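First the structure, in the form of structure tokens, and then the observations on it.
Nothing in this text is a laboratory measurement; each read-out follows from the coordinates by a stated rule. These numbers come from a predicted model, not from an experiment. Every residue, glycine among them, receives a Cβ derived from its backbone with ideal geometry; neighbour counts consider all protein chains shown.
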């Protein structure tokens, strides 16, 4: 479909043609039914590798344990004393304490925990966000904004699924990278028409799928710039008391935006909160800076989703690329550690208030069945109603099973 607006055609008429795919033909009753049953996921990504034994799996009295003490929660688990607000909603969250992975390098660990695969120079694997949004998009016949949105960071890419499933990156104020939102209507249409001519030229030369993928992105961009659903990015539209409950820092605003986006129909939102590479001075950093921020925002997100009836259909994943060493180094910090650590899961029908698996008394090893990135993804897919028999085909023709054939963490569905 051409992006050149014919003479005499109104912008509204033009946009209706542009947006008119399966959405326009979908009956309103069917759309309402899909809206009631649609699933979503929110990944709270802790970039840098948080020390989970100082947050979710404390070891009081052990030489490796550090100064923090555990406190009781609304569930049958204990967590760090500096997470009192999250303690009140732990009946809705579960801690998987027996994570055991191998990638203790930041880039490799980030890629692995986002895709379920170790980096491979011969193939680009899609991230969780790309896979999940790809599988859930049919539940959103009227979605005009991108199905995979990353707040505050770039996430990982769509791999062989193609650029249509790439993360759409915004900052915590809802500003979109490299997207000019202040053009007047005439200039906007002129620019889109010019781009359309360029794109069609590339596509006609049979230069592969990249130009065609880019054309799809171009169309989505126009929809995005003119859609009322863009209001979901505007967290300042919320009552001040709601903004204050989440926190007015970047992560708090990002979590509030994630709730608004899920409410608007976005199937996958990632919120990035970095600064966890604490090789020195870790305990004051956690106590005074990092833990208060995640405690306020994460607890508000869980509480808000629950009160709005969204938690039952929204999976929450809290994790980083790995954890940090049980041994405290000479700089009063902890180094990279992937052998024994924790992630947190909740919502979408997963059982809350429990800890799955356990580590040794000093936190140096997993004492129960170990779990991996693939297992976390398989578990989230099950919670979202995505078949684990789903198989993709890479650009080289290789069949790729969803979640890299990971196993479901059964305790979360008991």
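Legend: calculated FRET efficiency, residue 237 to residue 367, from the Cβ-Cβ distance at R0 = 35 Å, rounded to 0.05, equals 0.15. By the count of neighbouring beta-carbon atoms within 10 Å, fewest first, 400, 319 end up ordered 400, 319. Entry for the range 250-289 at q = 0.32 Å⁻¹: log10 I(q)/I(0) = -1.04, Debye formula applied to identical alpha-carbon scatterers, no solvent contribution.
Spin-label pair residue 226-residue 358: with each label point 7 Å from Cα along the Cα-Cβ axis, the two points sit 6.1 nm from one another. Highest mean first, the peptides 362-370, 104-112 sorted by other C-beta atoms within 10 Å per residue fall in the order 104-112, 362-370.
For the range 343-386, the spread of Cα positions along the three principal axes, ordered from largest to smallest, is 37, 23, 13 Å. A simple spin-label model places the labels of residue 138 and residue 175 4.0 nm from each other, with each point 7 Å out along Cα-to-Cβ. Once the mean of 1/r is taken over each pair of separate Cα atoms and inverted, the range 253-390 shows a Kirkwood hydrodynamic radius of 16.9 Å.
For each of 170, 151, count neighbouring Cβ atoms within 10 Å of the residue's Cβ, then give the residues from fewest to most. All intermediate terms of the calculation are to be shown ahead of the outcome.
On the way: 170 20, 151 30.
By the 10 Å Cβ count, ascending: 170, 151.
Taking 0.36 nm per residue of separation and subtracting the current Cα-Cα distance, fully stretching the chain between residue 163 and residue 263 would add 33.6 nm.
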